[in-house]
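The values are calculated or read from the model by the stated rules, or taken from the named source; none is laboratory data. Note that the coordinates shown come from a computational prediction; the quantities given were computed from them, not determined experimentally. Because the Cβ atoms are built from the backbone with ideal geometry, glycine has one as well, and the counts that use them run over all protein chains shown. SASA here: full protein model, heavy atoms, side chains in, ligands and nucleic acids out. Shrake-Rupley method; radii C 1.70, N 1.55, O 1.52, S 1.80 Å.
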Amino acid sequence: MTTRPTGIPPTRSVALAMIVALAGASAAGMITAPGAAAQSAAASPSFRPVTNDRLLAADAEPRNWLMYSGNYYSQRYSGLDQINGVNAGQLEMKWAYQLRALDRAETTPVVVDGVMYVTESPSNVTALDARTGSQYWRYVHDLPEDLNLCCGRNNRGVAVLGDRLFMSTLDAHLVAIDAKTGNLIWDAEVADEKEGYSKTGAPLVVGDKVVTGIAGGEYGIRGFVDAYYVDSGKRAWRLYTIPGPGEPGNETWADDSWRTGGSPTWMTGSYDPELDLVYWGTGNPGPDWNGDVRMGDNLYSDAVLAIDPDTGELRWYFQFTPHDVHDWDATQIPILADTEFDGQPRKLMLWPNRNAFFYVLDRETGEFLLGKPYAKQTWAEGLDDKGRPIRIPGTFPSVEGTTVSPPISGGSNWWSPSYSPRTDLVYVMAYDGETTYYIRDDEYVAGEQYTGGGGETPQPVDRYVSAVRAISPQTGDVVWEYPVQPRSTAGVLSTAGDLVFSGTVDGHFFALDAATGAELWNVNLGARVHAAPMSYMVDGRQYVAIAAGNVLFTFGLRD
Amino acid sequence: MSKHQPFAVLTVLSGLFAAAGTGPAVPSVLAQGPDNPYATQQDVESGQRLFARHCSRCHGLNAGGGERGPDISTGEFQHASSDAGLFNVISNGIADTEMRGIYRTRSDQSVWQIVAWLRSLGAGARVAVAGDPAAGGAVYSGKGDCSRCHMIAGAGGRHGPDLTTIGNRRSPEQLRSDLVDPDARVQPQWWRVRATVRDGPVVEGLRMNEGTYSIRILDGADNLWSLAKRDLVASERIEASSMPSYADALTDSEILDLVAFLYNLTGSANGGGAR
């Protein structure tokens, strides 16, 4: 009787030995058979320098996420569809990375060819293996001990070009870091943090320059948008968001109030390569709630600026909230979309604004096309045909307090909205809240907050509603909404798998059907989702990543 | 200048560098003494202005809680109980939270003045009360039947606020109002809910916590329930107080005595209980 062989038959074991040898060889770089590196489990991800062409064609490599909002149109849309409506219910955690700082994360990772760059509070960045969550290197920025900060002690993300990363720091610097090792390449001082300037937003690479904004609207700064040469870190141009004496628009600030007018630029803008225009949102005029000391429209606060990226010249502007007295910064993500309006293809800018109105603008000229509330608002009857608000009397802050919707934090805020070219819908995390606004006298002192009042939330927060709202660019109508409790300050991602992802204040992260808002999946991550999701692919597997609390989680399908 | 930390070194020294990883450690200042040396009415008013400038963005202009910071207008604080403790929190912040200290930009006097203003909120300075606390205690256990819903030092019911230290949080005037007009101030943690489970029971009780997908209830029999919202056919929130008004049930002098009894409940102030 012949003994049956146990285990692996001889022919198969020879084949296995060959595969193992092949894998080992390709890991050592000796074999470059096509496909072998990608398919072999032993091959490592490799970082290829990010050229300008790659940034311009970011949509063509959906497995990567090359900038804060995914692409220059800032649509925060992933072209991956491996995760979709059929299988989203099966999502499971793949790996988690616990940020070294316990501050609540606001960051969006950037992924280049399997390497993930994650920023964390206060101004540090870690390079991770996007497949496993293990670290390549970590950069820690030296910060002064006594920073003046109004708000989050945080960083939202890097920009990348070539083999360099660019990051804002809380002490108002811009740094360039080697993407492979974390070595510092250059460090440019953008402004003096002692006067209340700071930086938190992800910069934007345009051509040979890094475009970046500034924070400090509560400290009576004079806001600006800057561009720095990627090679040297020298400043290429600065566009002040408040015109100086003699410049058009300066007359919209009474007396000398322009000097401390705020109008910061603390979020990340967008770029249209065909029109060669950079778009950037500006924030509140200062002092926030006392408009009496700065009569006039206060240009260019609460506006979108269309900027020539070579010279920094202003091509056009549109102001959402003239003479704002509610702190309704327009420091939000300008979404660009090429879709139809009035039956014609049009280059649009779509903007669910903090003031609770959803705007559609022509991004070539800044022409106002449409504006409709997408969240509860009690301050304007509507917008006139130029898009200027028709204010309801009695809605300004008062000594005894005036309750108005939206609240200080707005109908929405800095957290990213999303646009899906497949559904042709804008998705935004909206909030129907209110604030009782007060006015107070304040004197400007350099480096101290200069806000002229404040607010209180008049009812228990449980009475207000957050919701993901899907808005049609053609009509401004809310097509569907998905309410969440307690509320949300999370960004939104949409994908080619026809999914929409977002999160809640109590730590839930969920997936919805992008066309209908039907709930497909949710998980409790245990701490507030205060960042926006993104998606990438490594080794043929799609991941969705989200920071919740101070942990970065990734999710994918079961193997 | 940057600190470049190679991976291998990091794993060995990560314990030592844990603080450095989040930026340079901020040295603490401590109050020079236990008592607030700046406690005049003038100081209270200065404190209010300072609070508006430095603190109101997070805690609201009247300290009642804002978009990012909790309500600190009640007179009881989670991270401090004494004036010196408050001084330390305002100066140094609270580690690993968004609460940052202001000691670098403000003098000791300013910090004390903010303390003075915070103390003037909530129950305010202690006052003498008319009314007999002992008689009030008899009303509490007798006619008032208060321990049906309220606990004092572990004895009593679960469906109303724990009263062990209520005298620290509410002034006599506020206590009177709580007794005769309980609907005037019902905080969300005392809202009730009536939930109907599909092909199942109706669960009614305290809304302990509610999220998008589930709700947790303490029912009338003191059972803890977790209900998935997708399993509910109806869910009704009841924001009115479940406490009856005692305006008619008790005489004026009984209310006076009961207020005195409650105002005397100052317990141990280290806040170990639930809120």
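Structure data summary
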read-out: Any hit, the stretch A:100-111, residues being surrounded by fewer than 21 Cβ atoms within 10 Å (Cβ to Cβ), more than 10 Å from chain B (Cβ to nearest Cβ), basic (Lys, Arg) and touching a residue at least 24 places away in the same chain (Cβ under 8 Å); value: no
read-out: Selection status of A:Leu165, within 21 Å of A:Arg235 (Cβ to Cβ), open to solvent by less than 10 Å² (accessible area, probe 1.4 Å), in contact (Cβ under 8 Å) with a residue 12 or more places away in the chain and within 20 Å of the chain's Cα centre (by Cα); value: yes
read-out: Complete set of residues in the stretch A:503-531 that are part of a loop (DSSP other than H, G, I, E, B) and of a type in the set (S, T, N, Q); value: A:Thr504, A:Thr516
read-out: Leading residue by the ranking (most open to solvent (accessible area, probe 1.4 Å)) among those in the stretch A:444-476 that are more than 10 Å from chain B (Cβ to nearest Cβ) and not aliphatic (A, V, I, L, M); value: A:Tyr444
read-out: Any chance A:Ala188 is part of a strand (DSSP E or B) and within 11 Å of another protein chain (Cβ to nearest Cβ); value: no
read-out: Single residue of B:Thr97, B:Thr164 found to be out of contact with any helix residue (DSSP H, G or I) (no Cβ under 8 Å at 6 or more places or on another chain), within 14 Å of another protein chain (Cβ to nearest Cβ) and part of a loop (DSSP other than H, G, I, E, B); value: B:Thr97
read-out: Any hit, the stretch A:72-94, residues being within 14 Å of another protein chain (Cβ to nearest Cβ) and touching a residue at least 60 places away in the same chain (Cβ under 8 Å); value: yes
read-out: Unique residue being in contact with a Phe, Trp or Tyr (Cβ under 9 Å, 6 or more places away or on another chain), surrounded by fewer than 24 Cβ atoms within 10 Å (Cβ to Cβ) and among the hydroxyl-bearing types (Ser, Thr, Tyr) when the list is A:Thr265, A:Thr260; value: A:Thr260
read-out: Failed item, numbered, when B:Leu232 is tested on (1) farther than 23 Å from B:Pro161 by Cβ; (2) open to solvent by 70 Å² or more (accessible area, probe 1.4 Å); value: (2)
read-out: Strands (runs of 3 or more DSSP E) lying entirely in the stretch A:81-168 (those with 2 or more residues that are within 23 Å of A:Ala490 (Cβ to Cβ)); value: A:92-98, A:110-112, A:115-120, A:124-129, A:164-168
read-out: The stretch A:427-476, subset small (Gly, Ala, Ser) and modelled with pLDDT under 95, residue nearest to A:Gly410 (Cα to Cα); value: A:Gly455
read-out: Any strands (runs of 3 or more DSSP E) falling wholly within the stretch A:329-418 and containing at least 3 residues that are open to solvent by less than 20 Å² (accessible area, probe 1.4 Å); value: A:335-341, A:344-352, A:357-362
read-out: From B:Gly85, B:Gly65, residue being within 11 Å of chain A (Cβ to nearest Cβ), open to solvent by less than 40 Å² (accessible area, probe 1.4 Å) and either out of contact with any Lys or Arg (no Cβ under 9 Å at 6 or more places or on another chain) or part of a helix (DSSP H, G or I) (or both); value: B:Gly65
read-out: Search result, residues across the stretch A:473-514 that are under 19 Å from A:Ser535 (Cα atoms), in contact (Cβ under 8 Å) with a residue 40 or more places away in the chain and among the hydrophobic types (A, V, I, L, M, F, W, C); value: A:Ala490, A:Val492, A:Leu493, A:Ala496, A:Leu499, A:Val500, A:Phe501, A:Phe509, A:Ala511, A:Leu512, A:Ala514
read-out: Test set (1) more than 11 Å from chain B (Cβ to nearest Cβ); (2) within 16 Å of A:Leu204 (Cα to Cα); (3) part of a strand (DSSP E or B); (4) not hydroxyl-bearing (Ser, Thr, Tyr) - A:Val175 fails condition number; value: (1)
read-out: So A:Val118, is it more than 14 Å from chain B (Cβ to nearest Cβ) and farther than 23 Å from A:Glu218 by Cβ; value: no
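To keep it simple, each residue is scored yes or no on (1) buried (at least 18 other Cβ atoms within 10 Å of the Cβ); (2) small (Gly, Ala, Ser); (3) within 14 Å of another protein chain (Cβ to nearest Cβ).
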{"position": "B:Gly101", "(1), (2), (3)": "yes, yes, yes"}
{"position": "B:Trp112", "(1), (2), (3)": "yes, no, no"}
{"position": "B:Leu118", "(1), (2), (3)": "yes, no, no"}
{"position": "B:Arg126", "(1), (2), (3)": "no, no, no"}
{"position": "B:Ala135", "(1), (2), (3)": "no, yes, no"}
{"position": "B:Gly157", "(1), (2), (3)": "no, yes, no"}
